[in-house]
1. Order the peptides A:197-205, A:212-220 from the highest to the lowest mean number of other Cβ atoms within 10 Å of their residues.
2. Between region A:91-111 and region A:205-261, what is the separation of their alpha carbon centroids in Å?
3. Can you give me the pair-distance distribution of region A:140-202, C-alpha pairs, 10 Å bins, whole percents?
4. What does the structure give for A:151-157 when I average, per residue, the other chain Cβ atoms found within 10 Å of the residue Cβ?
5. How large is the charge dipole for the protein assembly as shown, taken about the Cα centre, if only the Cβ atoms of Lys, Arg (+1) and Asp, Glu (-1) carry charge, to the nearest 20 debye?
6. Eigenvalues of the Cα gyration tensor times 5, then square-rooted: what semi-axes does that give for chain A, in whole angstrom, largest first?
7. Averaged over peptide A:106-112, how many Cβ atoms belonging to another chain are found within 10 Å of each residue's Cβ?
8. If a/c stays under 1.5 just call it rounded; otherwise compare a/b with b/c (prolate if a/b is bigger, oblate if not). Do that for region B:241-296, with a ≥ b ≥ c from the square roots of the Cα gyration tensor eigenvalues.
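What follows is calculated from the coordinates using simple rules that are stated; it is not laboratory data. Model, not experiment: these values are computed from the prediction. Don't worry about glycine lacking a Cβ; one is built from the backbone with ideal geometry, like all the others, and counts go over all protein chains shown.
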Amino acid sequence: MTAHQPEPLRLHVRDLKKHYPIRTGVFSRVTNHVRAVDGISFDLRAGETLAIVGESGCGKSTAGQTILRLLRPTSGLIELSGEDISDCGERTLRPLRQKMQMIFQDPYASLNPRKTIGAAVAEPLTTHRIASGSELTDRVEQLFEKVGLRPEQMSGYPHQFSGGQRQRVAIARAIAVQPSLVICDEPVSALDISIQAQIINLMMDIQADIDLSLLFISHDLAVVELIADRIAVMYLGVFAEVGTKEEIFRNPQHPYTKALLSAVPLPDPKLRSREKIVLAGDVPSPSNPPSGCRFHTRCPLAKDKCRNIVPPLRTGKTGHAVACHLVEGF
Amino acid sequence: MGFSIPGHHGLRGVMTAFPSSQRNPVQAIGGHARSIAGWCLKEPTGAFGALILALLILAAIFAPVITSYEPNAVNYRDLLQPPGATHLLGTDELGRDIFSRLLYGARLSMAVGVSAVVLSVLVGVPIGLLSGYVGGFVDELIMRVFDSVIALPPLVLALTISALLGPGLVNATIAISIVSVPTYIRLTRGQVLSIKNEDYVLAARSIGVPVWNILFVHILPNAIAPVIVQASLGLGFAIILESSLSFIGLGAQPPVSTWGSMVQTSFQFLSLAPWFVIAPAVAIFAAVLGANLLGEGLRNSLDPHQKQRM
């Protein structure tokens, strides 16, 4: 499934920015901003999975939470199924929240320790007045079965369950209201490898089942390769490269993407002789991003132009987009 | 329908319903001690405090059973009698039985202490929840107002408020509540600040749960443990404050007496009848000690972080 199929547009994001003010001094004057998300644009169609990959601190989680309107965007446009949600208040958002849900990274933190897992799954249904009484119990039972839990586990508390089981609960809670968009913020990175595969398979089954659009935020390229249709590589609040899974994995263009891919561990020792691109230094601070191309401080190919001029995200014929001065004809 | 009860555990919750969790030790009640008996073994001093308070409360409730003397029955034949077989703790300047007055005084002292604590929790916790969750200007305003209350010495403030409202136990209760309410606001606010960014609160927001439900269903049950500890310590403080107000004459009015007003009366007969002052003073001491020991014990099990800081 690619972006070119005439599936309806679920999510339309244009030039989204989220800046946090840094206040200093006695009068809390705003002296600078942390540019966590600094102008990202993308579309997400029905049934499609877009993965946002990047290092820790590149702003991918902030992007997810801003799109879900858990945070107020500094500027930019967010349209959910054609409806502008970038600037509306919580009251307007509440009914819209049925359409978009979130799965968090840490299943130990995302479930209230004082609520039974049944109550956690029931909460979206009661909040949106979708079901009550015995119908509610039935719905929760169905959801439990759908995610591979036993209905009699409903009355247990989160601490009685393993990480994988808790993440199943979180998935059941997210799909309870039959959303059209689910944002997954590193949903498997806190789990064992064997459990990761189960959870990914479960998510893909559910996605096919209810035609779900997934925005999958991850730093793990091996996981992304399994689930994503398209991939956006993020660096310091902006996209470095956006393309289909095949384009990104087979034909990476941006030096940062190449470096990321070369860091993926390979299980086959014979393949390990490939050239590794090791990046020097740390990610620069998003409160004071480098001039020109944000990657130039760590880029092995950086030229003068890269230090002075911000490279635009240019889209090629196939929809593959790269933000690099040095890449031509992709 | 085993899942429709959102985190309401009542008092039982203090002892039993804190599931152990590696991530949030505030909820871990020292391992898996899930019964009151287990807790008593783990926290013997806390259990001792609870025992003292329980005995005092039982004595207050069953006062008419324990003693046959009317607390206000004047007897001019037996003035200032020393402790003995007829009057267990002697008599006061009007020949009233001190033991009996102590038991009936316990009713009032305890009632004032407990209601002052309940009142300040009921007022302070919601304000703290709101202040911490909403943040910004509202938070700033609430905190500065109550900081100014904290800045005044509690006894002086309580004195001023009771003097303004007029002497009497109800007004004393109100004064004590006003003095202690900022503690609960600050405590709850601090808890909310750390909990409101937990993933499960974000998850509730992303579901679209209304603010009041987030505050009372998701945040409050996870924030309440230190408040329970503080309430227990606050009980001792409230009893002392009530005694002080009564000692000065702003609390209980004659012929009704609390421990504080008994100390005041007995003070005039210190050289004549020293036993008269000892009885109510020991009662105050025991109640405050009990409340503080219980508070310490609860703190150790509900809030292990605080252990070192104390």
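1. Descending packing order for the listed peptides: A:212-220, A:197-205.
2. With region A:91-111 and region A:205-261 each reduced to a Cα centre, they are spaced 22 Å.
3. Distribution as computed: 21, 55, 24, 0 percent.
4. That average works out to 2.
5. For the protein assembly as shown, the charge dipole is close to 1000 debye.
6. 35, 24, 19
7. The per-residue average across the peptide is 6.
8. Oblate, since a/c reaches 1.5 and b/c is not below a/b.
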